[in-house]
Amino acid sequence: MNVLIIGSGGREHALAWKLKKSPLLKQLHAIPGSAAISELAVCPAVAQADFEGIRKYAVENKIDLVVIGPEEPLAGGLSDRLTAAGLRVFGPSQKGAMLEASKQFAKEFMRRHQLPTADFQILYDADAAREKIRDNKKYPVVIKADGLAAGKGVRICHDEAQALEAVADFMEKRIFGFSGSKVLMEEFLTGKEISVMALVDGGSYLLLPVSRDHKRLRDNDAGPNTGGMGAIAPVELAAAAMETVKNEVLQRFVDGVKKDRIPFCGVIYAGLMLTPEGPRLLEFNVRFGDPETQALLPLVEEDLLELLQACVNGKLSGQKMETLKETCVTVVLSAKGYPENPEKGKEISGLDAAPADVLVFHAGTRKEAGKFLTGGGRILSVTARAATLEEARKKVYSAIEKITFEGMHYRRDIGL
Ligand SMILES: Nc1ncnc2c1ncn2[C@@H]1O[C@H](COP(=O)(O)OP(=O)(O)O)[C@@H](O)[C@H]1O
Ligand SMILES: [Mg+2]
């Protein structure tokens, strides 16, 4: 098969690495890809936002499967557009992508189909929001911007003043533009968080290893939120929690999209909190997590291409998900200034010094005169696999010691 990956980050590098192992693969392509991905795939000069260019390229190059990595093209309707052109696409429709792009849409879906989630109210304008906040007696309370806000649209508010400030920032100052035209006021939950991803073919799902992301910039969950500074997989769940996740989250999700006639072939990512009352769904994403994917794909023994093909053919039920009984740790190396204002153009050294069984996925690099330079916020995600979490941690951190670039930052407590 000829496969085209859309995206350019660490997640897409890991997808390319995994798909490349498949005996079913003829040629791999990536748009826009990256210098590192171009060692595995053909990367034509087509932009990720150029949907018409992507369609043309896919048709001309007889692409049998398009795999869409990031959320923006999904929310923009790339999947629908390619499907309409007769292409097979792993990545949900624009309607399905609203489960990530609109928190209101997602929460109403959860309520309609009885998925366990925090209580919430939708606030449609600033005056109504202020009134609700003045009536609210319970703190903390969570205020969320409805739309995409690069992980910054959620505030845990400890008193009325903070809640009012969030409303002013989101709805009046519009610090996230149109994303703040509506806000959600949500019940505050407590517990550890997990990421549950499953492949979905519209009618059934296949669970991937459960993982845990580390969102904050610094050790001990300090510092600002980021796209993710590291991940581990698998995360062991108690049997009862696993049953809830399968029966009340994933099965109800699949039944819900079917009932609502939302075309959904792709990954559903459930961000869950393990509360004292059981697992509660915080949010959906509609694509592979980054960096969780880098930590879970090395555990998957199955041929990923065969599984994705089964998804687009509606034949997922009956497929297996065999995984290695080992643990993966992924640590993200980020640039100085990330997430606000990352420095770019620093030379990276030591990439070849990592042992062969440590995977170095490139997230934000470019190549110039044969050398890799930094070119983004998150630069590399380094993954090691071992029999135990402790060993995997040792392995990943000893490999990282050999890699350097000016201003390099990473967390030392991933998986602790
Ligand atoms: N109801 C809630 N109670 C407590 N914490 C929450 C709640 N909703 C979200 N959070 C915290 O905020 C983070 C971001 O919220 P989420 O809904 O996942 O939005 P996004 O990932 O789009 O920023 C979560 O990972 C969690 O730590
Ligand atoms: Mg989240």
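Just want to confirm a number: the relative contact order over the chain, from Cα pairs under 8 angstrom separated by 6+ residues, in percent. Don't jump to the answer; show the numbers that get you there.
Working: 978 pairs, mean separation 66.6, N = 416.
It rounds to 16 percent for the chain.
Starting from a Cα-only point model with no solvent, please compute log10 I(q)/I(0) by Debye for the range 192-312 at q = 0.16 1/Å.
Each listed q corresponds, in turn, to -0.79.
Quick one: compute the contact order of the range 139-212, relative version, from alpha carbon pairs under 8 angstrom and 6+ residues apart, as a percent.
It comes to 29 percent, rounded to a whole number.
Taking all protein chains as present, what is the carbon and sulfur share of the accessible area of the chain, in % to the nearest whole number, probe 1.4 Å?
48
Before I look further, what does the range 225-342 give for accessible area per residue, probe 1.4 Å, in whole square angstrom?
38
Just the number, please: percent antiparallel of the DSSP beta bridges in the chain, rounded to the nearest 5.
Percentage antiparallel, nearest 5: 80.
Near Phe288, within a Cβ-to-Cβ distance under 11 Å, what is the net charge of the other residues, with Lys and Arg +1 and Asp and Glu -1? Numbers along the way, then the final one.
On the way: positive: Arg11, Lys18, Arg287; negative: Glu12, Glu71, Asp290, Glu292.
Net charge around Phe288: -1.
Keeping every protein chain in place, order Arg287, Arg111 by accessible area at 1.4 Å, biggest value first, i.e. largest first.
Largest to smallest exposure gives the sequence Arg111, Arg287.
At a Cα cut-off below 30 Å, give the lysines reachable from Lys138, other chains included and same-chain residues fewer than 8 away excluded.
Lys138 reaches Lys103, Lys107, Lys152, Lys173, Lys182, Lys192, Lys215.
Treating the beta-carbon of each Lys and Arg as +1 and of each Asp and Glu as -1, no other charges, what is the dipole magnitude of the chain about its Cα centre, to the nearest 20 debye?
So the magnitude is around 400 debye.
Order the following by accessible area, largest value first: Phe105, Phe405. Probe radius 1.4 Å; ligands, DNA and RNA are ignored.
Numbers: Phe105 40, Phe405 15 Å².
Greatest to least solvent exposure: Phe105, Phe405.
What does the helix-only formula give at 222 nm for the chain: each DSSP H stretch with n ≥ 4 adding -39500 (n - 2.57), the total divided by the residues, and the result rounded to the nearest 500 deg cm²/dmol?
So the calculated ellipticity at 222 nm is -7000 deg cm²/dmol.
Could you state how much accessible area Arg88 has, in square angstrom rounded to the nearest 10, with a 1.4 Å probe and all protein chains kept in place?
So the heavy atoms of Arg88 present about 110 Å² to solvent.
Per residue, how much accessible area does the range 72-134 show when a 1.4 Å probe rolls over the protein heavy atoms, in square angstrom?
44
Could you tell me the ratio Rg/Rh of the range 92-202? Both radii from Cα atoms, Rh via Kirkwood.
Reported Rg/Rh (Cα atoms, Kirkwood Rh): 0.98.
Whole percent per 5 Å bin, from 0 to the bin with the longest distance: what is P(r) over all C-alpha pairs of the range 327-400?
The distribution over the range 327-400 is 3, 18, 24, 21, 17, 11, 5, 1, given as percents.
Can you compute the FRET efficiency between Thr275 and Asp159 using 1/(1 + (r/R0)^6), with r the Cβ-Cβ distance and R0 = 22 Å? Round to the nearest 0.05. Numbers along the way, then the final one.
Working: r = 22 Å, r/R0 = 1.02.
Taking R0 as 22 Å, the efficiency between Thr275 and Asp159 is 0.50.
Specify whether the C-alpha gyration tensor of the chain places it in the rounded, prolate or oblate class, a ≥ b ≥ c being the square roots of the eigenvalues: rounded for a/c under 1.5, otherwise prolate if a/b is larger than b/c and oblate if not.
Working: a/c = 1.44, a/b = 1.24, b/c = 1.17.
Because its axes are fairly even, with a/c under 1.5, the chain counts as rounded.
Could you name the lysines in cross-link range of Lys26, using Cα to Cα under 24 Å and dropping any fewer than eight places away on the same chain?
Output for Lys26: Lys18, Lys56, Lys62, Lys315, Lys320.
The values are calculated or read from the model by the stated rules, or taken from the named source; none is laboratory data. Because the structure is a prediction, the values reported are computed rather than measured. Glycine also receives a Cβ, built like all others from the backbone with ideal geometry; neighbour counts cover every protein chain displayed. Areas reflect the complete protein model, heavy atoms only, side chains present, ligands, DNA and RNA absent. Shrake-Rupley method; radii C 1.70, N 1.55, O 1.52, S 1.80 Å.
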